[in-house]
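> Below is one structure. I have some questions about it.
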Amino acid sequence: MSHFNKDIMDIPTLKATVLLHGIPISAESAENWERVTDFQARPDDVIIATYPKAGTTWASEIVDTIYCEGNLEKCRRDTIYNRVPFLEFKIPDMPTGVEILEGKPSPRLVKTHLPIQLMPESFWDKKSKVIYIARNAKDVAVSYYFFHKIVKALPDPGPWDSFLDNYMKGYVCYGSWHDHVKGWWEKRYDHNILYLFYEDMKENPKREIRKMLHFLEIDMSEDIVEKIVHHTSFEEMKNNDMANYKTLPKDILDQTTTNFMRKGIAGDWKNHFTVAQNETFDEDYKRQMSDIDLHFRTEI
Ligand code: A3P
């Protein structure tokens, strides 16, 4: 696990975060921490857990469409952030994620980016189901960089080179990608966790949706599964205002320069990493991931 000390908190990418049990978390979310820790789970809650930019919104839309039994009108009843509320969400003048979730009837779908050690205990006590989506570290770095440019709650990422360096060290909101994917992987058999990969979803969405259905103990006809695959494709979601965050005001998410639904592919990192950056990254990656049997594909 990465170790942080107070000195690093001056690093630009950590602006607006505080250390919570050693993990940089948005200072706003941290203010509400007791409510998050004390969150009362229900046995039929389904949690979508990810490191940021791993395909959270994609998995959320898939699971909501499953719960709507493929009824697309029903899926369009509300925005994705209201259909699958963000547990630790807190920004001024808006209801918190916890408040929204507490008011929801069951079964609730819950989004979180928390590392496993910060998850509210109640989820484990109630044996709620968690779908964890992991995406390769290089594409996450690129996606997170562009995301920092459009989300007002995150600091400016600065130049790509320094952002990448900070990301490799875990000096970003939610901390180290390496620790996050490893933490969830190591505990995947201790709880009700389905661990999936973004690259597998890209390669064969139907196969991965079938895995979700099996895990959720839901039977579904081939026709409806096909419909879900189509409805949750990148192109469809990009043009679906209930999924693409276009409904958020610019002072929260400004998509003028980059869309939230940016590219949606595996391997875009090749358009951004220099040869030297790639070598440094690979060397560091080997060091950080040598202690675990967890493998990612950086292209498909
Ligand atoms: P890119 O920035 O690489 O395009 P999250 O929802 O966790 O914030 O992840 C966002 C990333 O998932 C973005 O990646 C976004 O384009 C991608 N994404 C969203 N919906 C997708 C879909 N239906 N298929 C593939 N990728 C998708």
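> Under 20 Å Cα to Cα from K169, which lysines show up? Leave out anything in the same chain fewer than 8 places away.
Leaving aside lysines fewer than 8 places away in the same chain, those within reach of K169 are K6, K15, K53, K138, K149, K182, K286.
> Quick check for me: using +1 on Lys/Arg Cβ and -1 on Asp/Glu Cβ, what's the dipole size of the stretch 42-288 about its Cα centre, in debye to the nearest 20?
Its charge dipole is roughly 60 debye.
> I need the Debye-formula profile for the stretch 149-267: one equal scatterer per C-alpha, no solvent, reported as log10 I(q)/I(0) at q = 0.09, 0.10, 0.17, 0.22 1/Å, two decimals.
-0.37, -0.46, -1.19, -1.27
> To the nearest 500 deg cm²/dmol, what mean residue ellipticity at 222 nm is calculated for the chain from DSSP H runs of n ≥ 4 alone, each contributing -39,500 (n - 2.57), summed and divided by the residues?
Taking each H run of at least 4 residues, the total per residue is -11000 deg cm²/dmol.
> So for the stretch 42-288, averaging the separation of alpha carbon pairs under 8 Å that are six or more residues apart and normalising by length, what relative contact order in percent results?
Value for the stretch 42-288: 26 percent.
> What net charge is computed for the residues neighbouring I292, neighbours being all others with C-beta under 13 Å from the C-beta of I292, Lys and Arg scored +1, Asp and Glu -1?
Result for the local shell: +1.
> For K227, which lysines qualify as cross-link partners when the Cα separation must be under 17 Å and same-chain residues fewer than eight apart are set aside?
Hits, sequence-local ones excluded: K74, K202, K206, K211, K238.
> Based on the Cα coordinates of the stretch 33-162, what is the per residue volume of their convex hull in Å³?
128 Å³
> Let me ask you something else. Please work out whether the stretch 42-288 counts as rounded, prolate or oblate from its C-alpha gyration tensor, where a ≥ b ≥ c are the square roots of the eigenvalues and a/c under 1.5 means rounded, while otherwise a/b larger than b/c means prolate and anything else oblate?
rounded
> Whole-Hz Karplus ³J(HN,Hα) for the stretch 30-47, in order, using 6.51 cos²θ - 1.76 cosθ + 1.60 and θ = phi - 60°, x for Gly and Pro?
For the stretch 30-47, the Karplus-derived couplings read 4, 4, 9, 4, 4, 5, 6, 4, 8, 3, 9, 6, 10, x, 9, 5, 10, 9 Hz, x marking Gly and Pro.
> Moving on. Evaluate the distance, in nm, between pseudo-label points positioned 7 Å from the Cα of D78 and of D44 along their respective Cα→Cβ axes.
Result: 1.6 nm between the two label points.
> Efficiency by 1/(1 + (r/R0)^6): what FRET value for K270 and H21, r their Cβ-Cβ distance, R0 = 35 Å, to the nearest 0.05?
Efficiency computed from Cβ-Cβ geometry: 0.50.
> Of V229, T112, Y195, whose Cα points farthest to the positive end of the dipole of the chain (charges on the beta-carbon: +1 Lys, Arg; -1 Asp, Glu; origin at the Cα centre)?
Result: V229, furthest along the dipole toward the positive end.
> What ranking, highest mean first, results for peptides 20-31, 264-275 when packing means the other Cβ atoms within 10 Å averaged over each residue?
Highest-to-lowest ranking by the protection proxy: 20-31, 264-275.
> Something else now. Would you pull out the residues with amide H under 5 Å of K111's amide H, same chain only if 5 or more places away, H placed 1.01 Å from N?
I48, F86, L87
> On to the next question. How large is the accessible surface per residue of the chain, computed with a 1.4 Å probe and reported in Å² as a whole number?
That works out to 46 Å² per residue.
> Over all alpha-carbon pairs of the stretch 69-145, lay out the pair-distance distribution in 5 Å bins, whole %, shortest bin first.
Going out from 0 Å in 5 Å bins, the stretch 69-145 shows 3, 11, 17, 23, 19, 15, 10, 1 percent.
> Quick one: Karplus J couplings for the stretch 93-105, per residue in order, coefficients 6.51, -1.76, 1.60, θ = phi - 60°, nearest Hz, x for Gly and Pro?
Each residue of the stretch 93-105 in turn: 6, 10, x, 6, x, 4, 4, 4, 5, 4, x, 8, x Hz.
> Give me the number: length gained by fully extending D10 to D254, i.e. 0.36 nm times residue separation minus the C-alpha to C-alpha distance, one decimal in nm.
Length difference between fully extended and current span is 85.3 nm.
> Shifting gears a bit: Just order 112-118, 66-72, 130-136 by mean Cβ neighbour count inside 10 Å, highest at the front, would you?
Going by the mean number of other Cβ atoms within 10 Å, highest first, we get 130-136, 112-118, 66-72.
> Which peptide among 145-155, 33-43 comes first, and what is the full order, when sorted by highest mean count of other Cβ atoms within 10 Å?
Answer by packing, highest mean first, reads 145-155, 33-43.
> Then there is this: Could you give each residue of the stretch 129-140 its phi-based ³J(HN,Hα) in whole Hz, using Karplus coefficients 6.51, -1.76, 1.60 with θ = phi - 60°, and x for Gly or Pro?
Coupling constants for the stretch 129-140: 8, 10, 9, 9, 10, 10, 10, 4, 4, 6, 5, 5 Hz.
> What is the percent carbon and sulfur in the accessible area of the chain, measuring with a 1.4 Å probe over the protein chains and ignoring ligands?
Answer for the chain is 50 percent, counting heavy atoms of protein chains only.
The values are calculated or read from the model by the stated rules, or taken from the named source; none is laboratory data. Model, not experiment: these values are computed from the prediction. FYI the Cβ positions are ideal-geometry reconstructions off the backbone, even for glycines, and counts take in every protein chain you see. Side chains included, ligands, DNA and RNA excluded: accessible areas come from the protein's heavy atoms. Shrake-Rupley method; radii C 1.70, N 1.55, O 1.52, S 1.80 Å.
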